[in-house]
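A quick write-up on the structure given underneath.
The values are calculated or read from the model by the stated rules, or taken from the named source; none is laboratory data. These figures come from a predicted structure and were not determined experimentally. Methodologically, a virtual Cβ is constructed for each residue, glycine included, from the backbone with ideal geometry; neighbour enumeration extends over all protein chains shown. Only protein heavy atoms, including side chains, enter the accessible area calculation; ligands, DNA and RNA are left aside. Shrake-Rupley method; radii C 1.70, N 1.55, O 1.52, S 1.80 Å.
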Amino acid sequence: MKYILALDQGTTSSRAMVFDHSGSVVALAQKEFRQIFPTPGWVEHDATEIWATQQHTATEALGKAGLTAADIAAIGITNQRETTVVWDRDTGEPVHHAIVWQDRRTAARCDQLKARGLAPMIKRKTGLVVDAYFSGTKLEWLLRSVPGARAKAKAGKLAFGTVDSWLVWNLTGGRVHVTDPSNASRTMLFNLRTGDWDDELLELFGVPRSVLPVVASSSEVFGETTLFAGGRAVPIAGMAGDQQAALFGQACTQPGMVKNTYGTGCFMLMNTGTKPIASKNNLLTTVAWRIGNRTEYALEGSIFIAGAVVQWLRDGLGIIKSSSEARGHHARHDRGACGARRVGGHRVSGRGRAARDGSRCQNQAQGAARGRRRVGEQLADAVSIAPLGSAGGAAQGHRDHGAGRGIPRGISGGLLEGSETDRGAVAGGSPFHARDESSTA
């Protein structure tokens, strides 16, 4: 029997899972890594630590399953999106810490772009609002701020990638520099209509095309790795950003089908089929996946801080010792939050704020806890070989466990600092109404 090795690289941990042909989990390994906060609003990862933890968990999962490379049919990758890595092509060493999707250091630059009236053009090409959330301004910042980076980039000596590209580069020993459209479409450099990097946007952000990965499909053999036990070559055969992988894993393969997942943040995606749809409510238009020559698209609404609160309660306030304790706190307060609460010693029931708070409590605290409980259900997504049985749950990636130590800064506005329009747009803006989403991008 052959098995699938799924690599699930997330914001706060790297995870590896081994699945058999029926889709059952054979083995699981997970390892957290550091969250680096140089200054309020800035969030970084050590990309070498990301790779080390991902390689470690993959080796551990294979060991738990008693398997070698010869037993693995293929490797699939799902990853935290937008997080930006730049590395030296010769040494393979990052030139700076990875800038995480949560990072807000380029919010002022985004405000400048909007002030110049460039937001409509960028949205028309990319489907994205202008925001520091995406990779474009992060890459621009790195090329401007790291000494010598721009010159090396122009000389073709540097490589840029989101985390998927970084993992494939390391898995293949630097032989393959590739991404897929689901990740490329989160960079603010990718043209949804042409399905390729956009020259006008590259010029706007000062990004040489030579630093960019090749955009392949989401399901094909990108390369092979010989790093695992036995040394046999294993194909890397599937790749998708975490939320698109969750959409696929939840079997939302027809237009109009929607998934919502709860983790570090909450992310809703709706499959819109083979045409990119422009939202009237500030949702994002993004590539869902590309299989063969067929590209499918999605609308997305995002809430940055959900399960991240759980880790803040643990690591920031210190009022719980483990993330699982949040369930107990929620259970004790559930009746007060969802049906009634005490204010100034008085029991207040009915509608209003108590009901609203209860809804948030249920959606966020329970949802974040559920992310950990559902590890055993999660599926290796976007792998190009035979289906793995029923899609009991998606490999939801980094945002599916209580994550994001940046939450203390979020409380004061630091993590999501920038204009209110920045935060509102990325968070989905106005409430989503499916009937309003009717125009083709």
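Structure values in brief
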{"quantity": "Options SER185, SER145; residue that is open to solvent by 10 Å² or more (accessible area, probe 1.4 Å) and hydroxyl-bearing (Ser, Thr, Tyr)", "calculated": "SER145"}
{"quantity": "Hits in the stretch 14-52 - residues which are touching a Leu at 6+ places or on another chain (Cβ under 8 Å), open to solvent by less than 30 Å² (accessible area, probe 1.4 Å) and within 21 Å of GLY231 (Cβ to Cβ)", "calculated": "ALA16, VAL18, ALA27"}
{"quantity": "Matching strands (runs of 3 or more DSSP E) fully within the stretch 189-304 where at least 3 residues are in contact with a helix residue (DSSP H, G or I) (Cβ under 6 Å, 6 or more places away or on another chain)", "calculated": "234-241, 258-262, 284-291"}
{"quantity": "Test: residue in the stretch 149-157 that is free of Cβ contacts under 8 Å to residues at least 12 places away in the same chain, in a helix (DSSP H, G or I) and farther than 20 Å from SER279 by Cβ", "calculated": "yes"}
{"quantity": "Search result, residues across the stretch 271-288 that are modelled with pLDDT under 95 and either of a type in the set (A, V, I, L, M, F, W, C) or out of contact with any strand residue (DSSP E or B) (no Cβ under 9 Å at 6 or more places or on another chain) (or both)", "calculated": "ILE277, ALA278, LEU283, LEU284"}
{"quantity": "Test: TRP101 is aromatic (Phe, Trp, Tyr) and assigned to a loop (DSSP other than H, G, I, E, B)", "calculated": "yes"}
{"quantity": "Residues located in the stretch 68-100, provided they are touching a helix residue (DSSP H, G or I) at 6+ places or on another chain (Cβ under 9 Å) and of a type in the set (Gly, Ala, Ser)", "calculated": "ALA69, GLY76, GLY92, ALA98"}
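Quick grid of which residues meet (1) over 17 Å from the mean Cα position of the chain (by Cα); (2) among the hydroxyl-bearing types (Ser, Thr, Tyr); (3) closer than 23 Å to VAL214 by Cα:
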position	(1), (2), (3)
THR91	yes, yes, yes
CYS110	yes, no, no
GLY117	yes, no, no
LYS138	no, no, yes
VAL146	yes, no, no
ASP164	no, no, yes
MET188	no, no, yes
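One line per residue, one yes/no per condition, for (1) surrounded by fewer than 24 Cβ atoms within 10 Å (Cβ to Cβ); (2) farther than 19 Å from LYS2 by Cα; (3) not charged (D, E, K, R):
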{"site": "GLN54", "(1), (2), (3)": "no, yes, yes"}
{"site": "LYS64", "(1), (2), (3)": "yes, no, no"}
{"site": "ALA69", "(1), (2), (3)": "yes, no, yes"}
{"site": "ILE75", "(1), (2), (3)": "no, no, yes"}
{"site": "THR78", "(1), (2), (3)": "no, yes, yes"}
{"site": "ARG81", "(1), (2), (3)": "no, yes, no"}
{"site": "THR84", "(1), (2), (3)": "no, yes, yes"}
{"site": "PRO94", "(1), (2), (3)": "yes, yes, yes"}
{"site": "ALA98", "(1), (2), (3)": "no, yes, yes"}
